[in-house]
Amino acid sequence: MDSIFIGKNYTFLVSTDSTNTRLKELLKLENVLEGTVISAGFQTDGRGQRGATWESKADENILLSILLHPKFLSIQQQFLLSQAIAIAVQKFINYYLKDQVVKIKWPNDIFVGNKKIAGMLIENILEANFIKYSIVGIGINIKQLEVLPTATSLKLESNMEYDHKQLEKDLFYFIEKEYLLLRSGAYAIIKETYLNSLLGFNEVRKFYITQSEQEMLGKILGVLDNGMLTIKDDSSGIHHTFDLKEIKFL
Ligand code: BTN
């Protein structure tokens, strides 16, 4: 499983602030080839979604950022890239954990059972109505055994040893495959695959609504093109849409 362009231009940093920040700074100085990867053993300022920090022990996990040039996507289509990358990381984890249930938790966390194994922070640089560059930051727990009670790692799930270089190589292959599918315009396939991999899709689950500070039993019906989640309230039958800050899974 070899990628053609993702990871061909590759830098490994023993320690850095954040691989996303490094790639963003590099872009200000020079032209950066599509598929360029900055990977790190440790981050002093690892960043997560919603302004959270991303903590990871030194030399135990995958911490990397990939530069893409998805100029074919308009600003309104940004969520398609997020979906394609989430599918790729989900398939990658599933390839290593064949017998486990690996799902995407909306919008793009990867879960094994009910525990998080990977997250991504995608930062897009826009020009006119299009995405000029996308910095795709990915953190995957590999060897770390001490994790939050809500998290897991490949080693915790399988008790196997992993080769970091091989893992990264395989990850690049899965990402490139999904990215090329996206580039070919197969949007309907990507949307369908995403929904089929979505944790809790079409199941009654409990959610917490931030604004009303109330719990709700509901079913995920789908995701809008702008990435908002549509949930059908189980008691009233009313459909609601939420963005990331408006809802929590319980
Ligand atoms: C999340 O689930 O909140 C997203 C986590 C993203 C973490 C990765 S690690 C490599 C890259 N560099 C960062 O600072 N963040 C991303």
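Tell me, what is the percent relative contact order of region 10-196, built from C-alpha pairs under 8 Å that lie six or more residues apart? Provide the component values of the computation, followed by the final result.
On the way: 340 pairs, mean separation 40.8, N = 187.
Over region 10-196, the number comes to 22 percent.
For region 22-32, putting each phi into the Karplus relation 6.51 cos²θ - 1.76 cosθ + 1.60 with θ = phi - 60° gives couplings of 4, 5, 5, 5, 4, 4, 6, 9, 8, 6, 10 Hz, in residue order, rounded to whole numbers and with x for Gly and Pro.
For L27 and F42, calculate 0.36 nm times their separation in residues minus their Cα-Cα distance, and state this gained length in nm to one decimal.
That pair, L27 and F42, stretches by 3.3 nm at full extension.
Shape analysis of region 204-249 places it in the oblate category; the axes a ≥ b ≥ c from the Cα gyration tensor give an a/c of at least 1.5, with a/b not above b/c.
Charged side chains reduced to their Cβ positions (Lys and Arg at +1, Asp and Glu at -1) give region 203-242 a dipole of some 80 debye around its Cα centre. Determine the shape class of region 32-113: with a ≥ b ≥ c the square roots of the Cα gyration tensor eigenvalues, call it rounded for a/c under 1.5, and otherwise prolate if a/b is greater than b/c, oblate otherwise. Here region 32-113 falls in the oblate category.
The accessible area of E127, taken with all protein chains in place and a 1.4 Å probe, comes to roughly 100 Å². Here each label is just a point 7 Å from Cα along the line to Cβ, and for D2 and H69 those points are 2.3 nm apart. Scattering from the chain was approximated by placing one identical point on each alpha carbon and applying the Debye formula without solvent; log10 I(q)/I(0) at 0.07, 0.14, 0.18 1/Å stands at -0.23, -0.95, -1.53. Note on Y187/A58: beta-carbon distance plugged into 1/(1 + (r/R0)^6) with R0 of 45 Å gives a FRET efficiency of 0.70.
So how strong a dipole does region 1-107 carry about its Cα centre when Lys and Arg Cβ are +1 and Asp and Glu Cβ are -1, to the nearest 20 debye? Working shown, then result.
Details: 12 positive and 10 negative charges, 80 e Å.
Result for region 1-107 is approximately 380 debye, rounded to the nearest 20.
Stretched out straight at 0.36 nm per residue, the stretch from N159 to L126 would grow longer than its current Cα-Cα span by 7.7 nm. Compared with the dominant Cα axis of the chain, that is its longest principal axis, helix 164-183 is turned about 60°.
With 26 Å as the limit, the listed pairs K165/K191; K91/K155; K71/K165 have K165/K191; K71/K165 beyond it between alpha carbons.
The values are calculated or read from the model by the stated rules, or taken from the named source; none is laboratory data. What you are looking at is a predicted structure, and each value in this text was computed from that prediction instead of being measured. Glycine also receives a Cβ, built like all others from the backbone with ideal geometry; neighbour counts cover every protein chain displayed. Each accessible area value is taken on the protein alone, full model and side chains, heavy atoms only, with ligands, DNA and RNA left out. Shrake-Rupley method; radii C 1.70, N 1.55, O 1.52, S 1.80 Å.
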